[in-house]
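Step one of this worksheet: look at the structure below.
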Number of protein chains: 2
Amino acid sequence: MKEELSEFYNIFTGTKKDIESFMAMLDPVINNAKDDHERLYYHHIYEEEEQRLSRLAELIPLIETFQAGKGGDFAPSNNTFNRLLQELNLEKFGLHNFVEHLDLALFQFKDAERQAKLSEMRGSNHTSYQFVKEKLAGINERFDTGYTDPHAHHDEHGDHLNQYAHNHSQVHVQAAVSLPAKPAGPKRSFTVGSLISK
Amino acid sequence: MKEELSEFYNIFTGTKKDIESFMAMLDPVINNAKDDHERLYYHHIYEEEEQRLSRLAELIPLIETFQAGKGGDFAPSNNTFNRLLQELNLEKFGLHNFVEHLDLALFQFKDAERQAKLSEMRGSNHTSYQFVKEKLAGINERFDTGYTDPHAHHDEHGDHLNQYAHNHSQVHVQAAVSLPAKPAGPKRSFTVGSLISK
């Protein structure tokens, strides 16, 4: 678990920086929106990422607490550990949704500068999503929580996030193929709040 | 708290039905999308609501547990109570984001049947969002948690969700004006995970 914590720490501090870059990219787009529909569209994505940022501001120090050996046991009898797993599960979806926000932006911001920045963030956050998904599936198996991943049915025909990668730049496609050559993860994972009730 | 629980129960069972109606509305739109961009756009919203549905499948029974007097004390020393507050706070944002998903759909599905259904759901979920936001702000004051609402700065010039109400149908505007005549809620609220660490 110590090793995984260190990787989770890097992933969530990394994606936090990427949210900030993405929000800075959306800001002028919101201000210069041509109508209410366009403004709502970008403002909505901006707010969802802002909500994620505020959750990461809780999760990152919690990971640090465990890294410092101050979080208690890695056991379902420890409520702080349950909270860690619950938040990690939520941020797995946060990463998934962020990758889709970046994909949507790649369809819209066609200049070279933004395409390059978005593609780079898309690649690394997709890799992060796959990592977190796999690790959480493993942790779930270990504790035999028996909960259903609400996304599992989307994965049955492969990870649909990959299908959009083909439409974007080369950087992007490279990121997609550099993923570990594993089939889509197990069909079960934590559901928010599922652990604390144990 | 007993009264509020009963209202929370009605709100979350009601919004659960609305998510299901909305997902059923999106389903044929995804299947008949004219290109990858359009498909990703609607599929993304569909998945975010699906994630919310799976969280509500945890929250609703938890509310019922407290209604049945089996959740323990309404006190920060009770981890199950903290979990309840943490999930309610998350679903406050879930309601907020849902209202915006409905607003985005109102800009796009222009036939009378869908406009009527979307407007009706928009009205009731906006009212629910305002209620949950106000009640959680009150609970927050009571326990003096001292956490910052990441949306508070959007509320400083009034609730921005209201501004879009003007653009849609009459049903919609009526829903917006029938809200309690109160200024935007306090600037502080729970942050996910903020309470369990107490």
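What follows is calculated from the coordinates using simple rules that are stated; it is not laboratory data. Model, not experiment: these values are computed from the prediction. Virtual Cβ from ideal backbone geometry, glycine too; neighbours counted across all protein chains shown.
In nanometres and ascending order, the distances from the A:N31 label point to those of the other copies are 4.5 (point 7 Å from Cα along Cα→Cβ). From the cross-link list A:K16/B:K70; A:K135/B:K135; A:K117/B:K117; A:K92/B:K133; A:K92/A:K117; B:K16/B:K110, which pairs have alpha carbons spaced over 31 Å apart? Flagged as over cut-off: A:K16/B:K70; A:K135/B:K135; A:K117/B:K117.
Under a straight-distance cross-link criterion of Cα-Cα below 14 Å, which aspartates and glutamates are reachable from B:K2, leaving out those fewer than 8 residues away in the same chain? The reachable aspartates and glutamates, counting only those whose Cα sits under 14 Å from B:K2, are B:E64, B:D73. The trypsin sites (Lys or Arg not before Pro) found in the stretch B:93-145 that occupy coil by DSSP, while having at most 12 further C-beta atoms within 10 Å, are B:K110. Across the identical copies, the label point of A:E64 (7 Å from Cα in the Cβ direction) is separated from its matches by 4.1 nm, in order from shortest.
With each label modelled as a point 7 angstrom along the Cα→C-beta vector, the B:D36-A:T80 pair spans 4.6 nm. By Cβ position, the chain B residue that hugs the axis carrying B onto A most closely, with its distance in whole Å, is B:N79, 3.
Note that the stretch B:15-82 shows a convex hull volume over its alpha carbon atoms of 85 Å³ per residue.
The simple Förster model, with R0 at 22 Å and r as the Cβ-Cβ distance, assigns B:A57 and A:E7 a FRET efficiency of 0.15. Distances between equivalent label points of B:L53 across the copies, with each point positioned 7 Å along Cα→Cβ, amount to 3.1 nm, shortest listed first.
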